[in-house]
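Remarks on the structure that follows.
The values are calculated or read from the model by the stated rules, or taken from the named source; none is laboratory data. Everything numeric in this text was worked out from a predicted model, so none of it was measured. Virtual Cβ from ideal backbone geometry, glycine too; neighbours counted across all protein chains shown. What goes into the accessible areas is simple: the full protein's heavy atoms, side chains included, and nothing from ligands, DNA or RNA. Shrake-Rupley method; radii C 1.70, N 1.55, O 1.52, S 1.80 Å.
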Amino acid sequence: MRGCWQLILLWCLASTGLLADAPAFDLTGPKVDVHVKRGDLTLPIGEVPNLQPGDRLWIHPDFPESQTTHFVLIVAFLRGTTNQPPSDWFRRVETWNKQVRDEGVFVTVPAEAQQALIFLAPETGGDFSTLRNAVTKLPGAFVRASQDLQAASLDRMRLEAYLSEVRITSQTDPKLLKDRAEMAARSLGIKLDKDCFDKPSDQQAPCLVQHTDGLVLDDANTQSMVTQLANGATGDLMNQLSYSTLAGAGNFSPYVGAILDTAHFQYIPALALPTDDTLNLRLNVPPSFRDPKSVVVVALPPISSPKPPPLHPVNPEEEYCAQKPGLVLSAEGAPVVFSTQLAYNLSLRVESQSNGKTTSLELPVKADASSGGLVLVSPPPPLPGGALTAVLHGKWGFVDWEGPHFLLQVAQSGKWSLAPGQLSAMVVGREDTLHLDDDSTVCVDHVNEQVGKQSPVKLAWKSSKAETLEIAVPLKDANPGPLTVAVYQYGLAKPDRLALTAYAEAASLDRLTLNAGDQSASLRGNRLDEVAKAELGDIVLKPAKLSRVDDFDQLTMSTEGSTAGMEPGKAYEAKVQLQDGRQLKVPVTVEPPRPQISLLNKGVQDDASAAPSPVHLASADDLPVDGRLVFFLKSRIPADFPRDEKVELAAVDGSFHIILSLSDGLMLEDAKTAMVSLGPLARFGPSAFGPVQVRAMSAQGVTGDWLPLGTLVRVPGFKDLRCPRSATKPCTLTGANLFLASSLGAAPDLSNSIDVPPDFTGTQLTVPHPANGLLYLRLRDDPATVQTLTLPVTVVKDSGAQAPSGLTAPPAAPTEKTEPNAATGSPQSTHPAANQ
């Protein structure tokens, strides 16, 4: 009984982390060969994720011929934490027996079993009965050992796969270390220290593999296996409490350590790292052959229903070229697929339709952590062109597994075409971009250009859209004439060739267009990059912005001089000077002037039914959202304000806008002036703030220039200011939406003020004692302006104000208390020194 209490005590200490600093599992233990037969199929233990009742286990202890100490191998089955296993669920095997050494033993998983363990114990009198009694007395402890050892073994295999990849790549191809290490870390669920890549190349690999005790991240697949173990038919609260999260890859689990059952045996855990049919055991404590002798505990796969891994594409919408050499289908979410043999016989099943018949092809793949997904083992056979869907198939232990779906494309020839407006896009003397369209661009390998009889040159290309290829064509030093662009695709023996023409295009001018009164004009033509300036009478126009529209260049030009006197519809002609000194002429189209207005006055009307705000806005440009905005506009062009003209009011950042008319928010004062009246809160909601602007819009939708109107600001709902009689003590300010203020203080320059966090959720602040009845603040919507706050002061006892939510007011100079004057309603002083 004393030994059992020691077992419970030490296990509880482990669960609290007191034994978490146990040594890593770096000692090589013995090997045990295991096969599992289910029905007519036999699998090596490395391909078995779970056992089931009725499975026939072949177990062969692989001890060397020189083994001097006789070990007893005991196979034990458990059925939960509170249900003791029967005596016949324990099988004693003498490993030194010649028949056992030559042939191994067979054990059948009994019905209702939920866990399976192997014990390796030195031969002593009563070894079997002592161990069986220990397991029978405390089944929950060994259930937990089974759970933790299973999860820890899977994590160790993930870690070793990552470490092996880093070491091999650093020795064979250090240039690929960054890419392959990042892919392996994503595939295996490893925490990657990217700062390692900032070190010299010879220090990167040692940096990536240091601190292995914290590299392994949580794995949903491992957790699901543990959940299957912990939630069996006899699982209960005790089982849930006994399970603890893994501590890391170095120590793996805090349960490790000396766990005594009697004075003769010490149970030490072993991680089982299967390779094919061999369980390679790793120990963290050297076995002892004197009292207390060591018993090695090994967990077999859980006895449960199979749960395939949750592998999924990194990007479900991504398309892959089926014929690309070394094709990698990016996948993640199941590190166990990349670190173990549990998922095997993997292939992509591709189905295609031809003449009403469905053909299915199997493309073998392998999971490669350093490549970041599934790698095609060999080039695929001929496939029908176009889009295909591939489904991952394979085996997960004894069951068939269907994994994620991937989108494939098979290259087709002769489908490339020039994008609209590209027929005359190739112009010598400048760099240009050619756009080619196809069903998909994922199979493009490279693109060549051949000018005349010159040697082909590779071109830079990209595909910002799945159906369009953008090719950079350098024609700055080329000669006019024919050129050929060849697009090479994976899987096609010959490229698709497109015959094009490079044009020697000098600047050709089509038309100059402007609106009377505008300060900019638009020049249309070709090769407008050669334009230096233009003259239209006394008006000088200079290039501002060049763009390509369809098959023409469009050059925006800024004007120097007034265009207000130009008559719409009248024929004009401008002189255009090229950069080489040549002069050309271009006809000018003058459109009617765009509507223009000026701002006469603006103001804000308070809601008569609401109490006036105690905040006094210091800037006339600050417009409170909850007020009524009123402003007057005078029409400049045309002279009278047309009745069908509209006014657009919008935020400068475009977050909100509204169009007003005579039937909605707009009223003519006289023939030339209109008044706008609207409530910003009702129109735009409580999230409207920031600079706003206004412009006129004609009935035809032609818009004028924007005019700045002001800044919409939101004001906190200040309600009450309570202060102690002592002017040196802070006050308490209450209200709603206090986060709309960024800072408050008692001085106009807001020195020694308090800052209000943007995520402040409280309803009161501790602020300095007001000076002359005033507080000063900055609003979050206009942080550049200092506003004033006037509230009646309620005197409270000098008990000391407390700062809500950690906001504490700085010390303030002596101030006077103010209360509202009964006659006027304005603040009046009640401070003792106010009347001296």
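How large is the accessible surface per residue of the stretch 327-424, computed with a 1.4 Å probe and reported in Å² as a whole number? List each step's numbers first, then the result.
Numbers: 4200 Å² over 98 residues.
Using a 1.4 Å probe on heavy atoms only, each residue of the stretch 327-424 averages 43 Å².
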For this session: Quick one: which residues, 5+ away or cross-chain, put their amide H under 5 Å from the amide H of W401? H built at 1.01 Å from N.
Result: G394, K395, W396
Problem set entry | Farthest toward positive dipole pole in the stretch 133-215 [+1 Lys/Arg, -1 Asp/Glu at C-beta], among L208, L177, A141 | A141
For this session: Please report how far the C-alpha centroid of the stretch 545-595 lies from that of the stretch 94-151, rounded to the nearest whole angstrom.
Result: 94 Å
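Please list H616, H446 from largest to smallest accessible area, probe radius 1.4 Å, with all protein chains kept in place. Please report the intermediate quantities before stating the final value.
Details: H616 95, H446 40 Å².
Highest to lowest solvent-accessible surface, that is H616, H446.
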For this session: Any chance you could list P(r) for the stretch 552-594, counting all Cα-Cα pairs in 5 angstrom bins from zero, rounded to whole %?
Result: 5, 16, 20, 31, 17, 8, 3, 0
For this session: Please list, in chain and number order, the residues 5+ apart from T433 or on another chain whose amide H is under 5 Å from its amide H, with Hs placed from the backbone.
Result: V473
Exercise. When the dipole is taken about the Cα centre of the stretch 578-617, and only Lys, Arg (+1) and Asp, Glu (-1) are charged at their Cβ, what size is it in debye, to the nearest 20?
Worked result: 340 debye
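Take the solvent-accessible surface of the protein heavy atoms, probe 1.4 Å, and return the percent of it on the stretch 575-677 that carbon and sulfur atoms account for.
On the way: 2840 of 5640 Å².
The nonpolar share, carbon plus sulfur, comes to 50 percent.
P(r) tail for the stretch 414-469, what percent of Cα pairs lie past 19 Å?
Working: 508 of 1540 pairs.
For the stretch 414-469, the share of Cα pairs beyond 19 Å comes to 33 percent.
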Exercise. Cα-based Rg (one decimal) and Dmax (whole number) for the stretch 269-419, in Å?
Worked result: 21.5, 85
Problem set entry | Distribution of pairwise C-alpha distances over the stretch 586-688, 5 Å bins, in % | 2, 10, 19, 21, 17, 13, 8, 4, 2, 1, 1, 0, 0
Exercise. Using bins 10 angstrom wide from zero, how does P(r) for the stretch 460-499 break down, in % of all Cα pairs?
Worked result: 23, 48, 26, 4
Exercise. What does the charge add up to near D439, with Lys and Arg as +1, Asp and Glu as -1, over the other residues with Cβ less than 13 Å from its Cβ?
Worked result: -3
Problem set entry | Solvent-accessible area, 1.4 Å probe, carbon plus sulfur percent, for the stretch 392-460 | 50 percent
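Count the net charge of all other residues whose Cβ sits under 14 Å from the Cβ of T734, scoring Lys and Arg as +1 and Asp and Glu as -1. Before the final figure, lay out the partial values.
Values: positive: K719, R722; negative: D720.
So the surrounding residues net to +1.
Within a Cβ distance under 10 Å of A387, other residues only, what is the Lys/Arg minus Asp/Glu net charge?
On the way: positive: none; negative: E319, D439.
With Lys, Arg at +1 and Asp, Glu at -1, the net is -2.
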Exercise. If you plug each phi of the stretch 271-276 into the Karplus form 6.51 cos²θ - 1.76 cosθ + 1.60 with θ = phi - 60°, what whole-Hz ³J(HN,Hα) values come out, in order, with x for Gly and Pro?
Worked result: 7, 9, 10, x, 10, 6
Problem set entry | From phi via Karplus (6.51, -1.76, 1.60), per-residue ³J(HN,Hα) for the stretch 428-436 in Hz, x at Gly/Pro | 5, x, 7, 7, 9, 10, 9, 10, 10
Seminar exercise, completed: The answer for trypsin sites (Lys or Arg not before Pro) in the stretch 265-310 that fall in a DSSP coil and have at most 11 neighbouring Cβ atoms within 10 Å is R290
Exercise. For the stretch 51-63, what does the Karplus curve 6.51 cos²θ - 1.76 cosθ + 1.60, with θ = phi - 60°, yield as ³J(HN,Hα) per residue in whole Hz, taken in order and with x for Gly and Pro?
Worked result: 9, 9, x, x, 4, 9, 9, 9, 10, 10, x, 9, 9
For this session: Give the Debye-formula value of log10 I(q)/I(0) at each listed q (0.15, 0.24, 0.27 Å⁻¹), with one equal scatterer per alpha carbon of the stretch 279-361, two decimals each.
Result: -0.86, -1.32, -1.41
Exercise. What residues qualify as long-range amide H neighbours of N772, i.e. H under 5 Å apart, gap of 5 or more or another chain, H built at 1.01 Å from N?
Worked result: E816
